[in-house]
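Here the structure is laid out as structure tokens; the discussion comes afterwards.
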Amino acid sequence: MNSSSTSVRWVAAQGLSRLHWQKKLGQGLLIAIGMIFFVLVLVLPVAAVLTEALRRGLSPYFEALLAVDTLAALKLTMLVVAIVVPIQTAFGLAAAWAIGKFSFRGKRTLITLIDLPFSVSPVVAGLIYVLLFGAQGLWGSWLLAHNIRIIFALPGMLLATLFVTFPFVVRQLLPLMEAQGKDKEEAALMLGASGWQTFFFVTLPGIRWALLHGMVLCAARAMGEFGAVSVVSGHIRGATNTLPLHVEILYNEYQFVAAFAAASLLLILSLFTLALKNYFAQKLPENGEGVVFHGH
Amino acid sequence: MDIKLFNISKTYAKERVLHQVNLNIRSGQFLSLLGPSGCGKTTLLRIMAGLENFEGGQVLFAGQDTANWTLKERRVGFVFQHYALFKHMRVAENVSFGLRMLPRRERPSSKLIGERTQELLRLVQLDGLGERWPHQLSGGQRQRVALARALAIEPRILLLDEPFGALDAKVRRELRLWLRSLQKQLAITTVLVTHDQDEAFEMSDHVVLLNQGRIEQEGSPQELMDEPASPFAANFLSLKPVRSSRRLQSFGEGLQ
């Protein structure tokens with residue numbers, strides 16, 4: 001009796017430990033698949049960019065980086081970011097405010113439209129602007145007559161970048177604005193604050209981390225955008241070449257070290273924005289207070 | 001300051017929520033708007049505050065039409081159910097907000113603002129908690145911060161939108177007795193929105209019972225309890241028979 005119960009227990013323990021091992025194995029397998037995929041798809045390409053860039057040593061690498069055209073491309077990329085991010089910030093704030101705090105007809109449609117750039121291919125976005133502003137385009141002859149250059153010039157590249165970066169700031173702010181409600185703004189206004197005071201002292205501090213998060217995402221996309229900008233830029237070296245376009249040109253010309261050096265520059269920029277983004281994302285829960293602590 | 005509402009109507013998405021409501025609030029009175037959810041009491045309060053527009057009719061503050069007044073010009077102290085404190089400001093900064101937002105030539109010196117803030121914190125019994133953050137306070141404490149913040153601008157009227165709704169029963173009871181005595185001390189015209197008849201009866205000079213956007217009955221708590229004017233009033237006011245007997249008792253004590 002005693003021994004049989006012991007053996008039952010032993011068998012049960014065996015069964016349990018087998019279950020336990022199966023579970024462990026399953027977990028291990030899933031993690032391994034995940035890691036292999038991660039290494040293949042993310043780590044290897046990044047490492048390849050760096051090794052290709054440094055294949056001939058450090059000095060050709062820096063030489064390629066400091067080439068006039070590469071520096072011009074970097075400058076243009078930064079210029080595009082410096083113009084696009086403030087515009088999207090202002091627009092994102094206004095749109096998220098209007099959509100999050102008020103209800104009006106066509107609100108759902110507006111939200112859908114804001115997401116449009118996510119689903120439209122960037123190349124198509126670029127083509128839209130060529131169709132509108134290009135020499136053969138809708139307003140092309142008028143623009144030509146007044147000597148205004150949009151396509152194959154900075155304005156066109158800005159428009160294309162604006163199109164693809166449209167949703168980023170709004171999408172970060174909207175859920176927060178909706179969750180926070182209007183109480184605090186109403187309280188501030190009744191306490192005598194002006195509209196601007198209410199915005200700067202009450203609304204903005206409540207959304208600042210989400211706003212910065214959205215701005216970083218927007219900047220990252222503006223730096224990296226290829227398709228839309230490619231269509232409208234005309235690839236004029238030193239004039240309308242952003243970094244991603246420059247990488248392609250160099251690569252097509254078999255200047256591999258230069259191409260990968262420029263690519264590594266983009267990579268460094270994106271790692272930097274990723275770090276920033278993580279920092280702001282960490283700060284986000286602070287905003288949640290507005291929702292979480294409502295109870296008491 | 002006395003408030004008069006004439007013929008106030010309001011429609012939300014084609015649904016009438018207020019039907020030609022008339023109301024007189026005497027200066028220094030504590031008035032409760034009582035009724036089930038959806039009866040229009042909060043909308044009426046928000047109309048008084050200037051937060052909602054309405055169709056036809058007038059809202060008079062001390063006999064003057066407020067139609068074109070800004071929120072600032074109304075100088076209304078408003079307390080929200082969920083406090084609406086500014087989470088990124090300390091308690092003292094919350095309380096002094098209204099004073100700090102004044103244009104430079106009207107604004108008191110920062111020393112004066114500091115003193116006034118301390119005074120208000122003492123008034124709501126939150127002495128020494130000025131440096132705390134709102135999330136470090138209990139619900140009852142937060143609501144008292146909200147009250148101090150509303151009082152800082154020396155409001156002409158105090159509007160309370162279910163201020164105890166998010167608090168537990170014990171705190172709620174303590175706070176309403178305390179608030180009632182504070183209101184008497186300050187002699188400030190006060191309108192309370194609530195769905196809890198105990199709360200309304202215990203605190204108010206005058207109770208207005210609302211049902212589906214109309215005033216069903218109004219009068220002193222005693223009048224409403226003694227003579228409910230309609231089946232709705234009788235039904236709504238006797239929802240909790242056990243507690244109402246206790247309420248009668250406490251009224252008896254109050255009369256002695």
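The values are calculated or read from the model by the stated rules, or taken from the named source; none is laboratory data. No experiment lies behind these values; they were computed from the predicted model shown. With ideal geometry, Cβ positions are generated from the backbone for all residues, glycine too; neighbour counts draw on all protein chains shown. Ligands, DNA and RNA are stripped out before the accessible areas are found, and what is left, the full protein with its side chains, is counted by its heavy atoms. Shrake-Rupley method; radii C 1.70, N 1.55, O 1.52, S 1.80 Å.
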**Asked** If you find the alpha carbon centre of region A:71-129 and of region B:61-91, how far apart are they in angstrom?
**Response** 35
**Greater than 26 Å apart at Cα, pairs in B:K87/B:K111; A:K182/B:K184; A:K107/B:K72** = A:K182/B:K184; A:K107/B:K72
**Asked** Which angle between 0 and 90 degrees, to the nearest 10, do you get for helix A:154-180 versus the longest principal axis of chain A when only C-alpha atoms count?
**Response** 40
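Using a 1.4 angstrom probe on the protein heavy atoms only, line up B:I215, A:I31, A:I236, B:I188 by accessible area, largest first. Before the final figure, lay out the partial values.
On the way: B:I215 50, A:I31 110, A:I236 75, B:I188 20 Å².
From most accessible down to least: A:I31, A:I236, B:I215, B:I188.
For Cα pairs less than 8 Å apart in space and 6+ apart in sequence, what is the mean separation divided by the residue count of chain B, i.e. the relative contact order in percent? Spell out each step's value before the answer.
Numbers: 448 pairs, mean separation 67.9, N = 256.
It rounds to 27 percent for chain B.
Could you work out Rg/(2.2 N^0.38 Å) for region A:104-262, with Rg from alpha carbons only?
Working: Rg = 20.5 Å, N = 159, 2.2 N^0.38 = 15.1 Å.
Compared with the compact-globule rule of thumb, region A:104-262 sits at 1.36.
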**Asked** Leaving out ligands, DNA and RNA but keeping every protein chain, what accessible area does A:W209 have, in Å² rounded to the nearest 10, with a 1.4 Å probe?
**Response** 40
**Message:** Could you report the accessible area of A:M35 in Å², rounded to 10, computed with a 1.4 Å probe on the protein chains as they sit in the structure?
**Reply:** 100
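With all pairs of different alpha carbon atoms counted, what Kirkwood hydrodynamic radius in Å does the protein assembly as shown show?
Details: mean 1/r = 0.0345 Å⁻¹.
Over the protein assembly as shown, the inverse of the mean reciprocal pair distance is 29.0 Å.
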**Item:** Heavy-atom accessible area order for B:V171, A:V43, B:V76, largest first, 1.4 Å probe
**Value:** A:V43, B:V171, B:V76
**Asked** So how tilted is helix A:256-283 from the main axis of chain A? Cα-based, degrees 0 to 90, rounded to 10.
**Response** 60
**Message:** What is the angle, in °, between the Cα long axis of helix A:122-133 and the longest principal axis of the Cα atoms in chain A? Nearest 10 is fine, range 0 to 90.
**Reply:** 20
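Helix-derived [θ] at 222 nm for chain B: sum -39500 (n - 2.57) over DSSP H runs of at least 4, divide by residue count, nearest 500? Could you put the intermediate results ahead of the total?
Values: 10 runs with 103 residues, N = 256.
Result for chain B: -12000 deg cm²/dmol, rounded to the nearest 500.
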**13 Å beta-carbon shell around A:V81, net charge (K/R +1, D/E -1)** = +1
**Request:** Could you grab the relative contact order for chain A? Cα pairs under 8 Å, six or more apart, rounded to a whole percent.
**Result:** 28
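Percent antiparallel among DSSP beta bridges with both residues in the protein assembly as shown, to the nearest 5? Display every interim value, and only then the final one.
Details: 19 of 37 bridges.
Bridges in the protein assembly as shown that DSSP calls antiparallel: roughly 50 percent.
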**Prompt:** How much of A:L138 can a 1.4 Å solvent probe reach, expressed as accessible area in Å² and rounded to 10?
**Reply:** 120
**Message:** How large is the convex hull of the C-alpha atoms of region A:10-102 per residue, in Å³?
**Reply:** 189
**Prompt:** 222 nm [θ] for chain A, helices only, -39500 (n - 2.57) per DSSP H run of 4+, per residue, to 500?
**Reply:** -25500 deg cm²/dmol
**Prompt:** Which percent of the accessible area of chain A is formed by carbon and sulfur heavy atoms (probe 1.4 angstrom)?
**Reply:** 72
